[in-house]
Amino acid sequence: MKILVTGGAGYIGSATSAELIAAGHQVVVFDNLYQGHRQAVPAEAAFVQGDLSSRADVARLFAEHPGIDGIMHFASYTLVGESMQQPLLYLRDNLVNAANLLEAAVAAGVRRFILSSTANLFDDPAKMPIDEHERIVPGSPYGESKFFIERTLHWFERIYGLRYACMRYFNASGDAPERGEDHDPETHLIPLILQVALGQREQITIFGDDYPTPDGTCVRDYVHVADLAQAHILAMESLDRLGSRKYNLGNGSGFSVMEVLDAARRVTGHPIPHVVGPRRPGDPATLVASSESIRRELGWRPRYPDIETIMRSAWEWHRAHPHGYGE
Ligand code: UDP
């Protein structure tokens, strides 16, 4: 299939573009390169630099690349914390950008759409792990913006027949040898820990150790980015057969911040000093997604289920690229 990947120069989008190419698909990447990196785009992919906020850019994209069979939509503002400070980046821009894309997509006759959604839809889960029947209570303007887009897809299916899948997950992590996680500023736990191991930061602060979890630190669901990529591809390839669906994606029972830190110490051989700081506002104790549906329906199995393998892959990339794509 010929697949358009928005945000294909970003962390998850570029990893998915590479896996799509490896699976024999043709890839067109569309990215504004604000957060993404041109070097992350696989050489085999066509690249169009543009912004989803510009309908002219989007029109040019579809004019230059006719015959797109499906879209994977990663391009987005993605930080929960930022969304609590600048809500309209999310509640306006994420939605408008998706709307511009969808408008052009149906005009171009595209029939398939995969949304990189979020497990931040579930802020008040009745049970853990969180499955697809859980009540949707977005935890932030970020989560709300993805929910808006999920609802837009619902109507686009009814009105235009667009088939879609929504992929909801928590902590993308790990790296491939050729492309990795490089955010500026970096806020995520694993790259921050590895910056300590690289001597770029003195210590890591653990945001609270008095949570009701086995070791008192927050438990999160770290899914390897290559496994996320596979899930998006399986969803795309099965849309015609199974119709529109929503999947929660998780990696098992989750890992605590302390377990992640210990894995990094083992993998890097660095003591990685830590201090315990106050809780980060908005952090629930435990967030773990059930991936039973996607396992059952699509046969998805994480290839990197344990934290040590995830950490090793991240360490290899960060050691080889201590300043990210800047070096
Ligand atoms: N965390 C931490 N110290 C940091 C960054 C993150 O203790 O410097 C914790 C955070 O409270 C959460 C987990 O690590 O429990 C993962 O946070 P991250 O920001 O990587 O992802 P999020 O879960 O917010 O999407």
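Show log10 I(q)/I(0) for the chain at q = 0.09 Å⁻¹, two decimals, from a solvent-free Debye sum over equal Cα scatterers.
Each listed q maps to, in turn, -0.44.
Under a Cβ-only charge scheme (Lys and Arg +1, Asp and Glu -1), can you give me the dipole magnitude of the chain about the Cα centre, in debye to the nearest 20?
Computed about the Cα centre, the dipole is about 740 debye.
Measure nothing fancy, just the Cα-based angle from helix 225-242's long axis to the longest principal axis of the chain, in degrees from 0 to 90, nearest 10.
The two axes meet at around 30 degrees.
Of the listed peptides 203-212, 190-199, what is their order by residue-averaged count of other C-beta atoms within 10 Å, with the highest listed first?
The densest-packed peptide leads the list: 190-199, 203-212.
Starting with the highest mean, order 218-224, 181-187 by the number of other Cβ atoms within 10 Å, averaged over the residues of each peptide.
Ranked by mean Cβ neighbours within 10 Å, highest first: 218-224, 181-187.
Sort 302-308, 81-87, 143-149, 252-258 for me by packing, meaning the mean count of neighbouring Cβ atoms within 10 Å per residue, highest on top.
143-149, 252-258, 302-308, 81-87
At q = 0.18, 0.19, 0.22, 0.28 Å⁻¹, what is the log10 ratio I(q)/I(0) for segment 272-327, with the Debye formula run over Cα points and no solvent?
Normalising to I(0) and taking log10 leaves -1.00, -1.01, -1.00, -1.04.
Could you work out how far helix 257-268 tilts from the main Cα principal axis of the chain, as a 0 to 90 degree angle to the nearest 10?
80 degrees
Accessible area per residue of the chain at 1.4 Å probe, in Å²?
Per residue, the chain has an accessible area of 43 Å².
Using θ = phi - 60° and the Karplus form 6.51 cos²θ - 1.76 cosθ + 1.60, what ³J(HN,Hα) does each residue of segment 12-17 get, whole Hz, x for Gly and Pro?
With the stated coefficients, segment 12-17 comes to 7, x, 6, 5, 5, 4 Hz.
Taking H placed 1.01 Å from N in the peptide plane, check which residues at least 5 places from Phe113 or on another chain put their amide H under 5 Å from its amide H.
Here the answer is Ile71, Arg163, Tyr164, Ala165, since their amide H atoms fall under 5 Å of that of Phe113.
Tell me the relative contact order for segment 195-262 as a rounded percent, counting alpha carbon contacts under 8 Å between residues six or more apart.
36 percent
Using a probe of 1.4 angstrom, how much of the accessible area of the chain is carbon and sulfur, in percent?
Heavy-atom surface of the chain belonging to carbon and sulfur, 1.4 Å probe: 51 percent.
Give the long-range amide H neighbours of Ile204: residues separated by 5 or more places, or on another chain, with amide H under 5 Å away, using H modelled in the peptide plane at 1.01 Å from N.
The list, which skips near neighbours in sequence, is His274, Val275.
Name the residues whose placed amide hydrogens come within less than 5 Å of the amide hydrogen of Asn171, ignoring near sequence neighbours (fewer than 5 apart) on the same chain.
So Asn171 has HN proximity to Asp221, Val223.
The values are calculated or read from the model by the stated rules, or taken from the named source; none is laboratory data. Values in this document were obtained by computation on a predicted structure and should not be read as measured data. No Cβ is skipped: glycine too gets one built from the backbone with ideal geometry, and neighbour counts run over all protein chains shown. These area figures cover heavy atoms from the full protein model, side chains too; ligands, DNA and RNA do not enter into them. Shrake-Rupley method; radii C 1.70, N 1.55, O 1.52, S 1.80 Å.
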